[in-house]
Amino acid sequence: MYILSIDTSCDDTSVAISNDLNIIANVFWSKIKTHEKWGGVVPNEAKRQHEEFLPHAVDECLKEANRKLDDSFGLTKIDYFAVTYGPGLAVALEPGIKIAKELSRKYNKPLVAVNHMAGHIYAVLARDENNIPLSDLAEFEFPLLALTISGGHTDLIFMKDDLDFKVIGTKLDDALGECIDKVGRILGLPFPAGKYLEEIAIKGNPKSYKLPRPMSGSQDLNFSYSGLKTSVLYMIRKYVEQKHGIKLDDKLKITDLSSYLDESEIQNFASSFQIAAFESLNIKIRLALSKYKVKSLVVGGGVIANQTLRLLIDNICREFKTNFYYPKPFYLCTDNAAMIAIAAFYYIKNNKNVYNYNELDKIDRVPGLSIEKL
Ligand code: KG4
Ligand code: ZN
């Protein structure tokens with residue numbers, strides 16, 4: 001079954017073509033450069049660029065997959081279209097849904113409306129063109145625990161079966177990725193900061209500065225990262241004032257703070273922050289694994305691209321004798337349309353959210369879509 005999928009939940013325009021679970025082509029059109037300048041995603045700019053890039057991305061993806069949309073012999077056709085309908089930025093989701101509906105209508109093929117976070121979890125089941133699982137996992141082992149860590153989400157999810165999601169822990173304020181990006185800004189790193197922070201954190205000493213481990217005492221499975229970001233900010237301000245014997249202006253721009261630090265100080269702050277953020281996450285993973293008896297832990301979302309975090313979680317899972325899976329290729333951790341295709345395969349198998357070309361009006365964007373709603 002050939003699926004052409006589209007993801008425009010945030011700032012990346014991505015289109016993929018899959019055959020069952022095999023990823024045949026995955027195309028990105030990124031506008032990071034524009035957003036880098038502003039230190040965050042500019043929604044209307046994201047929308048404008050999705051509109052501009054989508055037709056090209058669809059064409060390029062079809063070319064890469066050597067597929068056509070209108071082959072009457074049925075040899076190279078697409079059987080289904082799939083699109084992210086939430087969660088995400090409303091104005092970013094719209095152009096993706098619009099073009100997906102147009103394609104579905106034009107080629108009389110069903111459209112599958114997919115939850116972006118289900119995509120992050122199912123990404124781990126993607127296979128290459130030769131049907132080899134890209135992340136060493138052929139199918140889910142239930143019950144399982146899923147953890148989604150991205151720019152917008154920090155969720156612990158219990159799954160008894162396919163597409164059966166129960167949120168058992170969630171963010172109370174900033175998501176982990178959001179906190180990483182904000183601290184990255186304080187340290188003068190480009191947006192999104194995750195990969196740059198990882199690079200410099202490796203060179204620093206994680207014990208240099210003592211930062212709090214948020215929520216470490218709480219017995220629930222929720223997360224809070226906004227306090228940690230504030231602690232980093234105050235700690236650096238105080239450090240700079242003491243080091244230089246100055247009083248910093250209250251109106252000093254966050255992005256100017258790092259100019260008072262040398263390279264090794266930035267590395268040490270990055271390293272100390274990173275370990276505080278990850279240890280706080282790991283406390284909750286331990287708690288969840290002791291409360292829920294599961295066969296495996298599946299982690300998805302941009303932050304699991306981080307090698308240090310992968311090692312830390314791997315150690316916990318060994319201790320709990322739980323299998324640990326995450327999308328091995330970097331592109332399957334961060335936003336991509338391939339993961340939407342994999343989730344769509346399971347939606348189709350379970351007959352969920354599959355709409356015929358004459359019932360597409362039922363699909364609309366849902367920016368705050370919960371994973372429990374599919
Ligand atoms: O899943 P994703 O691409 O988009 C959302 O759905 O939000 O996640 C983006 C987040 C950003 O906050 C980015 O800084 C973070 O993932 N990220 C990383 C790394 N690569 C991306 N965080 C830590 N280490 C990385 N190597
Ligand atoms: Zn995402």
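Read-outs: derived from the displayed coordinates by stated rules, not from any lab. Everything numeric in this text was worked out from a predicted model, so none of it was measured. Note that each Cβ is placed from the backbone with ideal geometry, even for glycine, and that neighbours are counted across all protein chains shown.
Please check which bits of segment 205-223 a label hung off Thr230 would reach, taking the label as a point 7 Å along Cα-to-C-beta and the cut-off as backbone N under 19 Å. Flagged as within label range: 210-218, 222-223. Farthest toward the positive end of the dipole of segment 93-194, out of Tyr122, Ile97, Gly177, is the Cα of Ile97, where the dipole comes from beta carbon charges about the Cα centre. At full extension, Asn356 and Asp262 could sit 27.9 nm farther apart than now, given 0.36 nm per residue minus the alpha carbon distance. Given their separation in residues at 0.36 nm each and the Cα-Cα distance between them, Tyr239 and Lys349 gain 33.9 nm when the chain is fully extended. Of all lysines in the structure, those lying under 20 Å Cα to Cα from Lys109, and not within fewer than 8 positions of it along the same chain, are Lys63, Lys68, Lys77, Lys98, Lys101, Lys349, Lys352, Lys362.
Ellipticity at 222 nm from helices only: DSSP H runs of n ≥ 4 in the chain, each -39500 (n - 2.57), divided by the residue count, give -13000 deg cm²/dmol. Taking Lys and Arg as +1 and Asp and Glu as -1, the other residues whose beta-carbon sits under 12 Å from that of Asn22 total -2.
In sequence order, segment 123-140 has phi-based couplings of 3, 5, 9, 5, 10, 7, 4, 8, 6, 8, x, 6, 10, 6, 10, 8, 8, 5 Hz under the Karplus curve 6.51 cos²θ - 1.76 cosθ + 1.60, θ = phi - 60°, and Gly or Pro positions carry x.
Ranked by the mean number of other Cβ atoms within 10 Å of their residues, highest first, the peptides 317-327, 17-27, 134-144 come out as 17-27, 317-327, 134-144.
Summing Lys and Arg as +1 and Asp and Glu as -1 over all other residues whose Cβ lies under 13 Å from the Cβ of Phe142 gives a net charge of -1. Remark on Leu221: its backbone amide H falls under 5 Å from none of the residues 5 or more positions apart or on other chains, H modelled at 1.01 Å from N. A simple spin-label model places pseudo-atoms 7 Å from Cα toward Cβ; at Lys207 and Arg318 they are separated by 2.1 nm. Taking packing as the residue-averaged number of other Cβ atoms within 10 angstrom, the listed peptides 8-14, 64-70 run from highest to lowest as 8-14, 64-70. Full extension of the chain between Asp136 and Arg286 gives 51.7 nm of extra length, using 0.36 nm per residue less the Cα-Cα distance. Comparing Ser218, Leu4, Ala343 along the charge dipole axis of the chain, the residue lying farthest to the positive side is Ser218, per the Cβ-charge model.
Secondary structure note: in the chain, about 60% of the DSSP beta bridges are antiparallel. Mind checking the angle between helix 90-107 and the chain's longest principal axis? C-alpha axes, 0 to 90 degrees, to the nearest 10. Orientation of helix 90-107: about 20 degrees from the principal axis. Over all orientations, the chain has a Cα convex hull whose mean projected area works out to 18.5 square nanometres.
Distance between the pseudo-spin-label points of Lys373 and Asp70 (7 Å out from Cα toward the beta carbon): 3.7 nm. Taking amide H atoms as placed 1.01 Å from N in the peptide plane, the amide H of Val114 lies under 5 Å from those of Val83, Thr84, Tyr85, each 5 or more residues away in sequence or on another chain.
Of the cross-linked pairs Lys182/Lys207; Lys291/Lys373; Lys47/Lys251, those separated by over 30 Å at the C-alpha level are Lys47/Lys251. Just the Cα atoms of segment 195-319, one point each, no solvent: what log10 I(q)/I(0) does Debye give at q = 0.11 Å⁻¹? Each listed q maps to, in turn, -0.45. A protection proxy built from the mean count of other Cβ atoms within 10 Å ranks the segments 186-198, 160-172, 234-246, most packed first, as 186-198, 160-172, 234-246.
Backbone geometry of segment 222-230 corresponds, through the Karplus equation with coefficients 6.51, -1.76 and 1.60 at θ = phi - 60°, to 3J(HN,Hα) couplings of 8, 10, 9, 10, 6, x, 5, 4, 5 Hz, x marking Gly and Pro.
For segment 333-343, 3J(HN,Hα) computed residue by residue from phi via the Karplus equation (6.51, -1.76, 1.60; θ = phi - 60°) reads 7, 7, 4, 7, 8, 4, 5, 5, 5, 5, 4 Hz, glycine and proline entered as x.
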